[in-house]
Amino acid sequence: MSGQSGLAGEGTAVATGKRFRRSALLGAVVATALGGGAILAACGTGGQGGAAAGPARLSVADSYIPLPPAGGMAAGYLTVRNDGGQDELVKVTSPGAESVTMHRSTASTMEQVASLDVPAHGALQFARGGTHLMIMGWEKAPAVGDELELDLTFAKSGTISVKVPVKELTYRPGQS
């Protein structure tokens, strides 16, 4: 009989040990979740300290238009850099062209888009084979060396005007 009571005692100790380990594990999970929540709250985007909540700080670089065929439409390329909070490009116009539209290309299609995201602390890049501008109805036929004014209108930051140079058709930024 004493052997059975010893086994019963061991069973109780094993069960108690399992409950203790389960409780300790549960406590560790809760502590981790609460600690992570505190970290997320401290890093949140609300208030003055949040990077995404601040205003966008936009600049335009690497802009060019490859020389279009006579009387034809042209593509425009540039990079909108953002050193601040998120914004959205909602419209592009030009006093030197009838219309400027934004397009996104894939391997097999090209679609016009109404707006494009400018990510916080990121960039919106218009490049060959991807997102680009279509410029139609030029006021005067462009020549290499001309500049076309583009007015980029953003949802939060208003309008930025840039002078975009017309380059030879084979121009590629960063190549001589």
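The values are calculated or read from the model by the stated rules, or taken from the named source; none is laboratory data. All values derive from a computational prediction rather than experimental measurement. Ideal geometry is used to build each Cβ from the backbone, glycine not excepted, and the neighbour counts take in all protein chains shown.
In table form, for the structure just shown:
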quantity: Condition check for residue 57: basic (Lys, Arg), within 30 Å of residue 170 (Cβ to Cβ) and at pLDDT 95 or above; calculated: no
quantity: Of residues in the stretch 140-176 being surrounded by 15 or more Cβ atoms within 10 Å (Cβ to Cβ) and of a type in the set (A, V, I, L, M), the one farthest from residue 128 (Cα to Cα); calculated: 155
quantity: The one condition in (1) more than 17 Å from residue 59 (Cα to Cα); (2) of a type outside the set (D, E, K, R); (3) surrounded by 11 or more Cβ atoms within 10 Å (Cβ to Cβ) that residue 129 fails to fulfil; calculated: (3)
quantity: Near pairs, Cβ below 7 angstrom, 6+ apart or cross-chain, from the stretch 98-119 (in contact (Cβ under 8 Å) with a residue 40 or more places away in the chain) to any residue that is hydroxyl-bearing (Ser, Thr, Tyr); calculated: 100/93; 100/94
quantity: Residues (aliphatic (A, V, I, L, M), in a strand (DSSP E or B) and loosely packed, with under 14 Cβ neighbours inside 10 Å) located in the stretch 58-74; calculated: 61
quantity: So residue 113, is it at pLDDT below 95, among the β-branched types (Val, Ile, Thr) and loosely packed, with under 12 Cβ neighbours inside 10 Å; calculated: no
